[in-house]
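A.B. asks: Just dropping this structure here.
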Amino acid sequence: MFGLDKKDLTLLLVVALLTLLAPFILNPFPTGSGLAQFNAGYPDLMQRFVIFGIFAIGFNILFGLTGYLSFGHAAFLGVGSYSAVWMFKLLSMNIIPAIVLSVIIAGLFALVIGYVSLRRSGIYFSILTLAFAQMSFALAYSVLTPITNGETGLQLTLDDPRILGASATADGSIPVTNLFGLEMRSAVNMALGPWNFTFSAGYYVCAVVMLLAFYLAIRIFRSPFGMMLRAIKSNQNRLNYTGLNSRPYTLAAFVISGMYAGLAGGLMASMDPLAGAERMQWTASGEVVLMTILGGAGTLIGPVLGAGMIKYFENIFSKINDNVLHGWFAWMPDGIEDLTVTLIHPFIGKGWHLTLGILFMLVVIFLPGGLVEGGQRIMRLFRRRKATEDDQTKAKQPAE
């Protein structure tokens, strides 16, 4: 079905099911409980999960398949955001034209940067992409201010000359992004006992796009093109000795990866019509590298898992402060409670990066294949135990 084998189809269906049920899965604790702050089932965060999942999936096509490490993919994310906002300002508030333009512009931008950067490989390629990203950031921040609005960021105004649609609503406010009339910020709340679940139109639109992007990534991984990219990662020199020119393949992978980043940027602008130069900083490029390695570079589901974990740490662990910790450890004697809070304090709140860094270090040392490798090890352990129990059962059975 869909041109996939049984294993890939099962993976796609599992991802689709988890995405569909995310409002329930990410809200395991009752709303009024002390652990409710660990819930992640609110629309903005769920949208970030899937949008950065798309970003990481695209990056994995380049890094996971070819081994080319880019530190400049944030440039394509930013270009996609700027393109989408300009489409909202000039044409329509419908997200479809904005997303299409984001993908096209990001693809063209990636073609130019990739054509130059792929003349080198290894660390030199990484430095070139980083240089292009920083130049793009500088242009957006201080040079191309008529296009990007500089440090303030590009946003919608009541004076936008929108061709298909009004510049302002009847009450004088800025129109909302929509999909053929379905507003992206519209949501439905459902209460089940002490639990409260929110179903957002914007999240499900992003989720559908992510599933399509994931399906396309599976097809690329299993295609002859994907096999050629793996050969490049394995030994590019040996491939060149066979008479095959590998550069068109690496350039195509770079452009596809950049288009994924542009798609993610367009979706970000579609959910919140604002584009700023900070999305093009090198830290954003480093973040997608962490997502891919943490989840499992070269795997299908790994980048999505890595993106979800990093965004969870960023939005949930960063909100834990000393008052919350004192509430958790109030049952301890005062001196021990204060000492415990003091020891944990550097790892939460503004120090969530330290916790993430330690986690990343442990994964790289003990799980080089990322979270996917950890899951595979657990599955093998359970299978080994089951096989051992079956052998013991057969041994106890009397011979006939």
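A.B. asks: Rounded to the nearest 500 deg cm²/dmol, what is the calculated helix-only ellipticity per residue at 222 nm for the chain, with -39500 (n - 2.57) per DSSP H run of length n ≥ 4?
C.D. replies: Details: 16 runs with 256 residues, N = 400.
So the helix-based figure for the chain works out to -21000 deg cm²/dmol.
A.B. asks: What does the C-alpha gyration tensor say about the overall shape of segment 140-231? Classify as rounded when a/c is under 1.5, otherwise prolate if a/b is larger than b/c, or oblate. The partial results should precede the final answer.
C.D. replies: Working: a/c = 2.40, a/b = 1.22, b/c = 1.97.
Here segment 140-231 falls in the oblate category.
A.B. asks: Where does each of 289-297, 241-249 land if you order them by average Cβ count within 10 Å, highest first?
C.D. replies: Top of the packing list down: 289-297, 241-249.
A.B. asks: Could you give each residue of segment 286-302 its phi-based ³J(HN,Hα) in whole Hz, using Karplus coefficients 6.51, -1.76, 1.60 with θ = phi - 60°, and x for Gly or Pro?
C.D. replies: x, 5, 5, 5, 4, 4, 5, 5, 5, x, x, 5, x, 9, 7, 8, x
A.B. asks: Using the Cα centre of the chain as the reference point, and only Cβ charges (+1 on K/R, -1 on D/E), how large is the resulting charge dipole? Debye, rounded to the nearest 20.
C.D. replies: Roughly 1660 debye, rounded to the nearest 20.
A.B. asks: Quick one: grab the alpha carbon gyration tensor of the chain, order the square roots of its eigenvalues as a ≥ b ≥ c, and give me rounded if a/c is under 1.5, else prolate or oblate depending on whether a/b is larger than b/c.
C.D. replies: Values: a/c = 1.56, a/b = 1.12, b/c = 1.39.
Judged from the Cα gyration tensor, the chain comes out oblate (a/c at least 1.5, b/c at or above a/b).
A.B. asks: Label points 7 Å out from Cα along the Cβ direction at THR340 and ASN315: separation in nm?
C.D. replies: Label at THR340, label at ASN315, 2.9 nm between them.
A.B. asks: What residue among PRO23, SER186, LEU130 has its Cα farthest toward the positive end of the dipole of the chain, where the charges are +1 on Lys, Arg and -1 on Asp, Glu, each on the Cβ?
C.D. replies: Toward the positive end, the furthest listed residue is LEU130.
A.B. asks: For ILE365 and VAL188, compute 0.36 nm times the residue count separating them, minus their Cα-Cα distance, and round to one decimal in nm. Intermediate values should be presented prior to the final figure.
C.D. replies: Details: separation 177, 0.36 × 177 = 63.72 nm, distance 4.36 nm.
Going from the current span to full extension adds 59.4 nm.
A.B. asks: Spin-label point model (7 Å from Cα, Cβ direction): what's the ALA170 to HIS326 distance in nm?
C.D. replies: It works out to 5.1 nm between the two label points.
A.B. asks: Residue by residue through segment 9-20, what is 3J(HN,Hα) from phi via Karplus (6.51 cos²θ - 1.76 cosθ + 1.60, θ = phi - 60°)? Round to whole Hz and write x for glycine and proline.
C.D. replies: Running phi through 6.51 cos²θ - 1.76 cosθ + 1.60 with θ = phi - 60° gives 5, 4, 4, 5, 5, 5, 4, 5, 5, 5, 5, 5 Hz.
A.B. asks: Roughly how many Å² is the accessible area per residue of segment 57-201, as a whole number, for a 1.4 Å probe?
C.D. replies: Counting only protein heavy atoms, the per-residue value for segment 57-201 is 47 Å².
A.B. asks: Rounded to the nearest 0.05, what FRET efficiency is calculated for ILE123 and LYS350 with R0 set to 41 Å and r the Cβ-Cβ distance? Spell out each step's value before the answer.
C.D. replies: Details: r = 32 Å, r/R0 = 0.78.
Efficiency, rounded to the nearest 0.05: 0.80.
A.B. asks: So, R0 is 25 Å and r is the distance between the beta-carbons of MET379 and ILE358; what FRET efficiency does that work out to, to 0.05? Kindly include the intermediate steps, with their values, before the conclusion.
C.D. replies: Details: r = 25 Å, r/R0 = 1.02.
Given R0 = 25 Å and the Cβ-Cβ separation, E is 0.45.
A.B. asks: Run the 1.4 Å probe and let me know the accessible area of ASP8, rounded to the nearest 10 Å².
C.D. replies: Using a 1.4 Å probe on the heavy atoms, I get roughly 10 Å².
A.B. asks: With an 8 Å cut-off on Cα pairs and a minimum separation of 6 or more residues, tell me the relative contact order of the chain in percent. The partial results should precede the final answer.
C.D. replies: Values: 632 pairs, mean separation 106.1, N = 400.
With pairs under 8 Å counted, the relative contact order is 27 percent.
A.B. asks: Quick one: compute the contact order of segment 74-131, relative version, from alpha carbon pairs under 8 angstrom and 6+ residues apart, as a percent. The partial results should precede the final answer.
C.D. replies: Numbers: 38 pairs, mean separation 17.5, N = 58.
Dividing the mean separation by the residue count of segment 74-131 yields 30 percent.
A.B. asks: State the percentage of accessible surface on the chain attributable to carbon and sulfur atoms; use a 1.4 Å probe and exclude ligands, DNA and RNA.
C.D. replies: Solvent-exposed carbon and sulfur of the chain make up 67 percent of the total.
A.B. asks: Also: Go ahead and run the numbers for FRET between PHE24 and ASN237, Cβ-Cβ distance against an R0 of 56 Å, rounding to 0.05. Could you put the intermediate results ahead of the total?
C.D. replies: Working: r = 51 Å, r/R0 = 0.90.
Working from the Cβ atoms, E equals 0.65.
A.B. asks: Then there is this: List the lysines whose Cα lies under 30 Å from the Cα of LYS311, skipping any in the same chain that are fewer than 8 positions away.
C.D. replies: Cross-link targets: LYS7, LYS89, LYS233, LYS319, LYS350.
The values are calculated or read from the model by the stated rules, or taken from the named source; none is laboratory data. Model, not experiment: these values are computed from the prediction. Neighbour counts run over all protein chains shown; Cβ positions are idealised from the backbone, glycine included. These accessible areas exclude ligands, DNA and RNA; they are computed on the full protein's heavy atoms, side chains included. Shrake-Rupley method; radii C 1.70, N 1.55, O 1.52, S 1.80 Å.
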